[in-house]
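Have a look at the structure below before the remarks.
The values are calculated or read from the model by the stated rules, or taken from the named source; none is laboratory data. This structure is a prediction, so every number in the text was calculated from the model and none was measured. We place every Cβ from the backbone using ideal geometry, glycine too, and count neighbours over all the protein chains shown. Keep in mind that these areas ignore ligands, DNA and RNA; they rest on the heavy atoms of the full protein, side chains included. Shrake-Rupley method; radii C 1.70, N 1.55, O 1.52, S 1.80 Å.
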Amino acid sequence: IVGGFAPPTPDAIHTITKAYNNTNLIVSSAVRSEGSPQLQDAAPKSLSAKDPDHDALITKLHLILKELPTESPPGSEDIYGLNMSIAWGSEDLEWCNGGPAGCGGGLSDVQASEEQKAKFKHAVDIVHELALK
């Protein structure tokens with residue numbers, strides 16, 4: 001998510017979607033191979049949201065994000081230091097770190113504590129785990 005003059009070039013974008021009335025999670029990934037300038041799309045896959053393991057991971061991710069701050073102003077600074085962005089949208093939570101064009105520099109008025117950085121790292125691990133299932 002760290003950019004600057006040019007927008008960031010992500011190594012991967014994982015999208016996990018669950019429609020309100022659907023019992024499945026739709027997981028799509030686009031990963032940039034080493035040395036490649038482009039992300040390569042992988043075919044979307046479906047995971048059962050009723051699976052206790054998947055449900056537990058989504059619930060945990062939701063709970064973690066509810067506790068974490070985002071940078072202020074948006075896109076000012078990567079306060080978690082992982083060059084990773086997560087966007088979450090649900091009925092009770094809209095959360096996104098990194099602005100639409102990444103983090104372009106400057107300082108955030110909000111800084112993450114070491115405990116918050118560890119929780120964000122766990123959230124990233126959850127997203128990766130779901131994407132790789």
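Of the residues Val127, Val31, Val110, the one with the largest accessible area comes first in the ranking Val31, Val110, Val127, computed with a 1.4 Å probe on protein heavy atoms. When the helices of the chain are scored as -39500 (n - 2.57) per DSSP H run of n ≥ 4 and the total is divided over every residue, the value at 222 nm lands at -9000 deg cm²/dmol. Here the dipole of the chain is about 340 debye; that uses its Cα centre as origin and unit charges on the Cβ of Lys and Arg (positive) and Asp and Glu (negative).
Placing Lys121, Lys45 in order of accessible area, with the largest value first and a 1.4 Å probe, yields Lys121, Lys45. Relative to the dominant Cα principal axis of the chain, helix 52-67 is inclined by about 30°.
Applying 1/(1 + (r/R0)^6) with R0 = 35 Å to the Cβ-Cβ distance of Asn21 and Asp125 gives a FRET efficiency near 0.75. When Rg and the Kirkwood Rh are both derived from Cα coordinates, the Rg/Rh ratio for the range 55-130 amounts to 0.95.
Residues considered: Pro44, Pro69, Pro52. Largest GNM mean-square fluctuation over the chain, using C-alpha springs under 10 Å, is found at Pro52. Axis of helix 114-132 versus longest Cα principal axis of the chain: the two differ by about 40°, to the nearest ten degrees. If R0 is taken as 22 Å, the Cβ-Cβ distance between His62 and Gln38 corresponds to a FRET efficiency of 0.10. Along the charge dipole of the chain, Cβ charges K/R +1 and D/E -1, which of Leu63, Ala12, Thr23 sits furthest on the positive end? Of the candidates, Thr23 comes out farthest on the positive side. Applied to the range 26-38, the Karplus parametrisation 6.51 cos²θ - 1.76 cosθ + 1.60 on θ = phi - 60° returns per-residue 3J(HN,Hα) values of 9, 10, 10, 9, 10, 10, 8, 5, 4, x, 9, x, 10 Hz, with x for Gly and Pro.
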